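Engineer: Have a look at this one.
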Amino acid sequence: MPTSIENAKIACIAFNLNKFRLHMGIQVLVKDPAELEAIRQKEMDFTKDRVNMIIESGANVVLCSGGIDDFALKYFVEAGVIALRRVSISDMRRIATATGATVVTNLSDYETSDEKFEASNLGSCSLVQEKRIGDYDHIFFEGLAETNCQTIVIRGANEYFLDEVDRSLHDSLCVVKRILESNAIVTGGGAVETSLSVYLDDFARTLESRELLAISEVAESLLIIPKTLAINAALDATDLVAKLKVFHHASQTAEDQSKKELKHYGLDLINGKCRNNMIAGVLEPAISKVKSLKFAIEAAIAILRVDDMIKIAPKLTEEDKMRLAQQQAAAQGQ
C-alpha cells in the first residue's frame, strides 16, 4: 500500500467491506458439495464488486468506519489506493467537512435498487501521506479543498510538559477567539487599569460629596493589577506604577497629540521598565477586560449591600481553655 498520494480523491464510507454473509435465518439447500465453494466465491465477489465500484469512481484514498477484509485490501493495494479501516465516525466527519467529501452510509440507489458509488461523493486534497511521529504512524491531509483548518501536533519530553503546553495553547486560542468575537483590543501590561485609575482619580477631585471617597478607593484598587504584575516579576512595583501614572496622566491632560500615544504604555516585565505595549504587541481582548471590571464592581456592590456582619470566634488561649474547663466542671457538679 502506498504511503503518500498526490491529488488525492477521498472516499468516506460508513459501512463494512468485510466478506458478505447471508443474513441469519436464511437457509441454502445444497445437493452438490462443489456448490458450497461457489457460494463462498459469490460472497467474496459481492464485496469485490463494492471495492471495484469505489476504485472506478476515481478514489485513491478510502476511509472506512468499519472493517476491511484482507482479501479486499489486496484489491486496494493492487490499485495503488490507501485504505484505512476502523476510522472513528467523528474523525471521518471532520475530514469529510474539510475535504468536501460526503459520508456514504450505503451504496443502494433508491431509484434503481442497484448499488453504485458516484464520483460526486469524493473529497479532495493536494497530498495524503503517512508520517511516523514518536511510536505511532499518522495520516496527514494537506492542501484541503474546502477549509483552511489545521491540526496542531504537540510534542514533548513527558506528559506533564505536554499538559502545560496544551493549557497554554488552549488559553492562546481562547484569547484569539475573544478578539474575533469582540472585534476590539486593548493594551495589556496594566495599561488599561492605570489609565482608568488616573481618570477616576481626576474625576473624584471634581466632586464635593461623599462619592469622592468611593471613587478614590476604586481608582486605588485598580492599581492592584500593575502592582501584582511587577511584584510577581521581582521588580520595584512602587517605582514602575508611579511612572505609569505619570505617563497616563500626561496622555489625558496634555494637548500635544504626540503625548496621546502614552495611553498605550504598560509594563515591560522582562526589561523592568515601561513601554508602548501597542507597538510591542502585548494586547488583550476588550470584551474580557470589560467583563472583569463588571464582575469586580458587582462583587464590591454585593458586599456593601450586606447589612450584617458575622464575626469568626477568636482563637482560644490557654487561659481561656482552663477557664472554660472550670466552668464546665462546675456546671456538671451542680
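Engineer: Take each of the peptides 97-106, 323-332, average the number of other beta-carbon atoms within 10 Å over its residues, and list them starting from the highest.
Structural biologist: Answer by packing, highest mean first, reads 97-106, 323-332.
Engineer: Follow-up. Determine, for Val87, Val30, Val81, the number of other Cβ atoms within 10 Å of each Cβ, and report the residues in order from fewest to most.
Structural biologist: Lowest to highest Cβ neighbour count: Val30, Val87, Val81.
Engineer: Right, something else. Could you give the Stokes-Einstein D for region 1-141 in µm² per second, using the C-alpha Kirkwood radius, 4 °C, 1.567 mPa s?
Structural biologist: It comes out at roughly 79 µm²/s.
Engineer: Mind checking which of Ile133, Pro314, Thr3 is farthest towards the positive end of the chain's charge dipole, using Cβ charges of +1 (Lys, Arg) and -1 (Asp, Glu) about the Cα centre?
Structural biologist: Result: Pro314, furthest along the dipole toward the positive end.
Engineer: Calculate the length of the line joining the C-alpha centroid of region 156-179 to that of region 38-106, in whole Å.
Structural biologist: 36
Engineer: Here is a further query. Using Cα springs under 10 Å in a Gaussian network model of the chain, which residue among His248, His138, His264 shows the largest mean-square fluctuation?
Structural biologist: His138
Engineer: How many percent of the alpha carbon pairs in region 118-165 exceed a separation of 13 Å?
Structural biologist: 70
Engineer: What FRET efficiency comes out for Val246 versus Arg167 if R0 is 45 angstrom and r is the Cβ-Cβ distance? Round to the nearest 0.05.
Structural biologist: 0.75
Engineer: Right, something else. Sort Ile55, Ile287 so that the residue with the fewest other Cβ atoms within 10 Å of its own Cβ comes first and the one with the most comes last.
Structural biologist: Listed from fewest to most nearby Cβ atoms, that is Ile287, Ile55.
Engineer: Okay, next question. Each residue of region 192-204 in order: what ³J(HN,Hα) in whole Hz does its phi give by Karplus 6.51 cos²θ - 1.76 cosθ + 1.60, θ = phi - 60°, with x for Gly and Pro?
Structural biologist: Working through the residues one at a time gives 5, 5, 5, 4, 5, 4, 5, 5, 5, 5, 5, 5, 5 Hz.
Engineer: Using only the Cα atoms of region 64-175, what semi-axes does the equivalent ellipsoid have when each is the square root of 5 times a gyration tensor eigenvalue? Give whole Å, largest first.
Structural biologist: Working through the eigenvalues yields semi-axes of 33, 19, 13 Å.
Engineer: Where the centre of each part is set by its Cα atoms, how far does region 256-330 sit from region 125-148, in angstrom?
Structural biologist: A separation of 48 Å, based on Cα centres.
Engineer: Now for a separate question. So what does the Cα-only Debye profile of region 239-312 read at q = 0.16, 0.21 Å⁻¹, as log10 I(q)/I(0), no solvent term?
Structural biologist: Taken in order of the listed q values, log10 I(q)/I(0) reads -0.77, -0.99.
Engineer: Over all pairs of distinct alpha carbons, what does the Kirkwood formula give as the hydrodynamic radius of the chain, in Å?
Structural biologist: 27.9
Engineer: Restricting to Cα pairs below 8 Å that are 6+ residues apart, what does the relative contact order work out to for the chain? Please round to a whole percent.
Structural biologist: Computed over the chain, the figure is 14 percent.
Engineer: So, one more: If every alpha-carbon in region 112-211 counts as one equal scatterer, what log10 I(q)/I(0) does Debye give at q = 0.12 1/Å?
Structural biologist: The calculated log intensity ratios at q = 0.12 Å⁻¹ are -0.78.
Engineer: Calculate I(q)/I(0) for region 185-334 by the Debye formula, one identical point scatterer on each C-alpha and no solvent, and give its log10 at q = 0.10, 0.16, 0.19 Å⁻¹ to two decimals.
Structural biologist: So the normalised log intensities are -0.50, -0.93, -1.19.
Engineer: As a footprinting exposure proxy, order Ile152, Ile68 by other Cβ within 10 Å, with the fewest listed first.
Structural biologist: With the fewest neighbours first, Ile152, Ile68 line up as Ile152, Ile68.
Engineer: Return the subset of Lys48/Lys116; Lys243/Lys294; Lys273/Lys294; Lys259/Lys291; Lys131/Lys177; Lys227/Lys273 for which the Cα-Cα distance in this structure is over 22 Å, preserving the input order.
Structural biologist: Lys243/Lys294; Lys273/Lys294; Lys259/Lys291; Lys131/Lys177
We did not get these values from a lab; they are worked out from the coordinates using the rules stated. These numbers come from a predicted model, not from an experiment. All Cβ positions, even for glycine, are placed from backbone atoms using ideal geometry, and neighbour counts span all protein chains on display.
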